[in-house]
1. Can you name the condition, by its number, that LEU173 falls short on among (1) closer than 27 Å to LEU104 by Cα; (2) part of a loop (DSSP other than H, G, I, E, B); (3) within 20 Å of the chain's Cα centre (by Cα); (4) away from ligand 2 (no atom under 16 Å from the Cβ)?
2. Please specify each residue of region 218-234 satisfying the condition of being within 16 Å of ligand 2 (Cβ to nearest atom) and either over 23 Å from LEU304 (Cα atoms) or open to solvent by 10 Å² or more (accessible area, probe 1.4 Å) (or both).
3. Only one of ILE93, ILE84, ILE129 is closer than 24 Å to GLU48 by Cβ and either of a type in the set (Lys, Arg) or touching a Phe, Trp or Tyr at 6+ places or on another chain (Cβ under 8 Å) (or both). Can you tell me which?
4. Taking into account only those residues within region 270-285 that are under 18 Å from TRP340 (Cβ atoms) and in contact with a Leu (Cβ under 8 Å, 6 or more places away or on another chain), which is nearest to ligand 1 (Cβ to nearest atom)?
5. Which of the following residues is closer than 23 Å to LEU349 by Cβ, touching a residue at least 60 places away in the same chain (Cβ under 8 Å) and either within 15 Å of ligand 2 (Cβ to nearest atom) or open to solvent by less than 50 Å² (accessible area, probe 1.4 Å) (or both): VAL302, VAL285, VAL275, VAL268?
6. Could you identify the single residue in ASP122, ASP85, ASP95 that is acidic (Asp, Glu) and part of a loop (DSSP other than H, G, I, E, B)?
7. Here's a check for you: in region 201-217, which residue that is within 21 Å of ASP171 (Cα to Cα), open to solvent by less than 10 Å² (accessible area, probe 1.4 Å) and not β-branched (Val, Ile, Thr) is modelled with the lowest pLDDT?
8. Taking region 98-116 only, how many residues are in a helix (DSSP H, G or I), in contact with a helix residue (DSSP H, G or I) (Cβ under 6 Å, 6 or more places away or on another chain) and within 15 Å of ligand 2 (Cβ to nearest atom)?
Amino acid sequence: MLSLLQGCERDEAKIQWSGETMGTYYRITVIEREALDKDNLRQIVDTELQRLTQIFSTYLVDSEVSRFNQREANACIQVSSDFIDVLEASLYIHDKSNGAFNPLIEPLVSRWGFGASERVFDFPSPDEIASLRQSIDVSGLQVNPAVQTVCKGNAEMHLDFSAIAKGYAVDQLSRRLSEVGVNHHLVDVGGELAVRGKNASGVAWRLAVEQPDKQYGVAQLVFALGDGGVATSGDYRNYFIVEGKRYSHTIDPISGYPVGHNLASVTVIHDEAMVADAWATALSVLGFERAKSVAMEQQLAVYLLERENASAVSGNHADRSGDVVANVSGDVVSLHFREWHSPAFKRYLIEQ
Ligand code: AMP
Ligand code: MG
């Protein structure tokens with residue numbers, strides 16, 4: 001998770017409000033350097049969030065995504081340009097990540113118990129996984145941007161933009177705020193951020209990457225960002241543990257299994273938060289070593305945290321090296337992390 005570093009700033013005329021959207025929270029921070037109509041800003045944000053929910057929600061039965069998911073084989077539906085933009089970005093990152101990012105992952109996410117319906121604890125059989133994997137082949141999707149239609153090859157193809165839509169939402173909210181002359185702001189939807197201008201102290205925004213496995217709010221790294229988007233994916237908020245093994249809500253589309261490696265947190269900075277969001281998820285799938293090489297190859301600004309010595313542990317004890325402990329619920333937590341940042345991330349680091 002990412003957060004705005006509070007406290008070390010002077011509280012110069014800052015307006016902040018929050019609410020709920022897309023199954024999570026949103027928080028808007030605006031620095032009042034220009035004359036602003038607060039009610040109007042709230043209205044602009046609410047309207048935009050409602051518009052995006054109507055497109056991307058998997059809960060609303062009549063959203064564009066839900067309508068696509070309900071359709072039969074070979075059906076085409078008319079969609080918004082937002083839908084086309086997010087789908088095309090998804091397919092681009094699918095390609096560049098060698099399939100690690102997959103917008104059709106929904107049937108596997110649901111079967112592993114991370115979907116909209118309640119968690120089932122019986123593990124799928126290898127045959128079941130193999131059959132579900134057949135519906136996630138993106139070559140069965142047909143996108144026609146000129147007439148804004150999307151067609152599906154088989155009925156089981158279900159889109160899930162959960163790993164990219166929050167990033168897209170913060171980009172759009174930030175754009176709306178800029179359009180009405182709000183030049184200094186931070187938009188946060190569920191921990192994916194877009195920032196513009198300067199913070200209350202008149203310098204680039206100070207942001208913090210949370211330390212994995214800790215309670216909310218312990219900063220592992222503080223960095224500075226003027227204009228752009230930033231996203232973090234981690235395995236430490238939404239997961240389950242069976243016999244000391246962690247099953248994350250991120251699914252490896254190639255194997256069909258939840259990722260189980262030790263890459264605890266991936267942060268990506270990009271001009272577009274949408275792109276940062278999708279890459280953060282894709283790199284989480286790839287694991288520490290492959291994430292490093294793809295980050296280099298794609299020249300992405302990336303910061304990784306890998307859990308060290310986090311072997312299978314159950315019960316409430318430390319292992320022999322003393323640096324892996326299990327808390328009362330038997331969760332595997334590590335006190336040591338290996339850090340890595342790409343060359344493109346360096347410019348955001350703050351000299352300590
Ligand atoms: P994020 O928090 O942005 O990493 O997104 C996590 C969500 O993305 C999960 O809850 C799933 O709904 C979805 N997801 C899981 N695995 C993948 C994947 N390999 N590609 C795209 N989306 C995924
Ligand atoms: Mg993501």
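The values are calculated or read from the model by the stated rules, or taken from the named source; none is laboratory data. Nothing here was measured: the structure is a model prediction, and the numbers come from that model. Cβ coordinates were reconstructed from backbone atoms using ideal geometry, including for glycine residues, and neighbour counts include every protein chain displayed. Just the protein is used for accessible areas: all its heavy atoms, side chains included, with ligands, DNA and RNA removed. Shrake-Rupley method; radii C 1.70, N 1.55, O 1.52, S 1.80 Å.
1. Only one criterion is unmet by LEU173, namely (2).
2. Matches in region 218-234: THR232, SER233, GLY234.
3. Answer to the check: ILE93.
4. Among them, the one singled out is SER284.
5. None of the other options fit; the residue is VAL275.
6. ASP122
7. Checking each candidate, the answer is ALA208.
8. So the answer is 0.
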